[in-house]
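To start, the structure itself, in structure tokens.
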Amino acid sequence: MKDSTTRNMRLRRLLNSSFPFSMGLVCFALSTLSLVSIAQAQTEYAFVVTTDFYSAAYYSTIEVVPPRTTHINIGTVSTDPVVHYDPGEGMVFVINRYLADNIQVIDPQADFTTIAQYSVGNGSNPHDIRLASSTKAYVSRFEWKTLLIVNPHSGDSLGVIDLSVFADSDGIPEMDRMEIVSDRLFVTLNCIDHSTWLPNGPGKVAVIDIQADTLVDCDPGLPGIQPIVLDLPNPYSELRYEPCSGKLIVGCLGAWGDLLGGVASIDPCQLTSVTLVSEADLGGDISDALLTPQGKGYAVLLDTLPWPDNYARLVSFDPAAGNVIDTLYVQTSGTGSSLASIEANRQGEIYLCDRNLTQPGMRIYDASTDTIITKIDVGLPPFDLEFVQIPWAGVERISPQLSRLIIMPNPTSTQAVVVRNQARLEEGCAAWGKSAGSGSAKSPGLWSAKPHEAVEAMIYNVEGRLVQRLTGREVGEETIFRWNLEDELGRRVSPGIYYCRVRAGDNEPAGTIVVTR
Ligand SMILES: [Ca+2]
Ligand SMILES: [Ca+2]
């Protein structure tokens, strides 16, 4: 316990001293840049759930920066758990699935203790949770026809949304993983036969307006309300938003052994999908898949050879060419071993849950070379993980309407860039705008400022430190910010995630910025 107590004290000290965003503290913030690597070690973790699937299951943490200190078996979870981390709330949510049917809330800033746990319906088999705000969340329920709306902290029910209109012939759509992009919730529907577990038609994605809690019609040309219909059956993996391409990515399994699945890319603006790569291209059944910010794919596969000669492996792939680049690992330890989830972090590493029967652990790979860095013991076989960052001091929850901002190259200059907002789905990928006067409906959900009022944008790194301040330039009714990707000392920033906060009148909307190479 001494280690974790010390860690917590360090965290508290870091947070207490962390940079309220005022002019007077800019010099202080810059003078502490040399402490960034230490701060990272104290503030970023892999949160891992481990399970033997029948009698014991725990959660553990790995500090992301070497020496990768671990804290094993911090607390217990159910034997069928998956993890979601909400950066806005700074909370870990463990979805305790089959036969447990509850959500467990874990606070990273309270030494990763469980602070709440609530049922979401006996026999409902919850599969995922997403927060629309600090008081409203959605829980997908695999066995039931209705998606649950709850208070994410108390579990108080706020209602349900019926998805049975999208179900296959058994009446249950098998709702699975979710993601929110702007003001829309995307819910994968496996659409499998509930008795045979085989695909019963194509996979689907239900789209829900999180303001109105109603289904969005993805094909207005047809009568009734349509979901996004995938080209592939059984969307099985985690549903991940890839901010650089602005697409949602999901691995589709089809059936085990059929090679009819693949990786689907979903456009959350156009409400369409395409197949990036097929199971036949990759040569195995897909159980997980992701894209890195550099556009490289990773997938966990299982050979289609008959048992006991079928082995799991991790491969990297080129989504543009549709072929395997490298095989990073092949599990050869035989019966009972498997590979579970993968996750990428902003340090350019891929974590792989290795459920080797005799030597389980977390395998960590360098995505630039596709070589292993290390394997770490986390106790029982790991099953799922999320990367946890302590919230950046002073930056409030990201406004849902401004949740995704992308730095786009400016065609007239190789250095200058424009901050653009991809969140306003109704207007496509328009530039950040402000309304011409307070209360104008021109740009709902953005901000209002008087004409010609100075509008400032502040760029922060993930530690909450001010990196740069920008003055907006009015172009018609829009304000354009240009950032040359340098900090206030003129040094180019490294690729990664940054947070932008706009100061305009009384409003301070904030959003995420992804800087690519
Ligand atoms: Ca079904
Ligand atoms: Ca398959």
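Overview of results
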read-out	value
Net +/- balance of residues flanking I95 in space, Cβ distance below 12 Å, scoring K and R +1, D and E -1	-3
Radius 10 Å from Cβ of N310, net charge of other residues (Lys, Arg +1; Asp, Glu -1)	-3
Karplus 3J(HN,Hα) series, Hz, for the stretch 214-224 with 6.51 cos²θ - 1.76 cosθ + 1.60 (x for Gly, Pro)	10, 6, 9, 7, 8, 9, x, x, 10, x, x
Net charge contributed by nearby residues that have their C-beta within less than 14 Å of A57 (K/R +1, D/E -1)	-1
Per-residue HN-Hα couplings for the stretch 51-64 [Karplus 6.51, -1.76, 1.60; θ = phi - 60°; Hz; x = Gly/Pro]	7, 9, 6, 9, 10, 9, 7, 9, 10, 9, 10, 10, 5, 5
Unsatisfied cross-links (Cα-Cα over 30 Å) in the set K136/K296; K204/K296; K145/K296; K136/K375	K136/K296; K145/K296; K136/K375
Table column - 3J(HN,Hα) (Hz), the stretch 281-297, Karplus curve with 6.51, -1.76, 1.60, x for Gly and Pro	4, 8, x, x, 6, 8, 10, 7, 7, 8, 10, 7, x, 7, x, 8, x
Distant-in-sequence amide H partners of R355 (H built 1.01 Å from N, under 5 Å)	S338, L339, A340
Near-label residues of the stretch 174-211 by backbone N, under 15 Å of a point 7 Å along Cα→Cβ of D219	201-207
Other-chain or far-sequence residues with amide H under 5 Å of L239's (modelled H)	M178
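Read-outs: derived from the displayed coordinates by stated rules, not from any lab. Computed from a predicted model, the values in this text were never measured in an experiment. Backbone-built Cβ (ideal geometry, glycine too); neighbour counts: all protein chains shown.
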